[in-house]
Each structure stands twice: as structure tokens, then as C-alpha cells.
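No value in this document is a laboratory result; all are computed from the given coordinates. The model shown is predicted, which means the values in this text are computed figures rather than measured ones. Backbone-built Cβ (ideal geometry, glycine too); neighbour counts: all protein chains shown.
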Amino acid sequence: MSVNFIDSVSLDEIIPLVDRLSEVEREELRQFLSFKPKIDWKKEWEKVVTYFHAVFQNFAEQEVISDLEKALDEVRSDRTSKGC
């Protein structure tokens, strides 16, 4: 079974669905999830930092900081307008 979500789904929305599963279905879900590879978040973070360092190395530090601040302001503005 495969489910595709267009928007993000919160854990609060998933829990009631899992609660409706039978014991057999829960065990199948548990086994399925236990075979998923564990994510090394430190390694993932280091990959992101390395990528951005490479991308921005040819730009002045102040320009990068300014662009990052603009991007953060845009995200915060969007969240505020959506009532988040």
C-alpha cells in the first residue's frame, strides 16, 4: 500500500489513523517502519552545510547574510499571513 500526500501531514493527524488499525495492521506497520534506514541527522546537517558553503564561497559574506535575512523575513511574513 502506498499513500502520497500533496501537503504535509502532522503527527496529530496520523495518530487517529494508526489508532484505527487492527493489531495485525499495527504490527505490519511497525515491522515496515523498523526496516527503514535510520537517519543520521548530524551527517545530514553536515551535508547541507558543506553544500551551502560551496555554493556561497564566491559571494561576499555580508551579501550572503543579507540574502539569508531577506529569505527568513519572507518565510516569517508568509507564516504570519497564514496565521501560523
Self-check item: For 56, 32, order by how many other beta-carbon atoms lie within 10 Å, fewest first
Solution: 32, 56
Quiz item: Which value at 222 nm does the chain reach when only helices count, each DSSP H run of 4 or more adding -39,500 (n - 2.57), with the total divided by all residues and rounded to the nearest 500 deg cm²/dmol?
Solution: -22500 deg cm²/dmol
Quiz item: Using a cut-off of 19 Å between alpha-carbon atoms, which aspartates and glutamates can reach residue 36, once sequence neighbours fewer than 8 places away in the same chain are excluded?
Solution: 25, 27, 28, 44
Quiz item: Which lysines have a Cα less than 29 Å from the Cα of residue 82, not counting those fewer than 8 places away in the same chain?
Solution: 70
Quiz item: For the stretch 20-59, list residues with backbone N below 14 Å from a point placed 7 Å from the Cα of residue 14 toward its Cβ?
Solution: 29-39
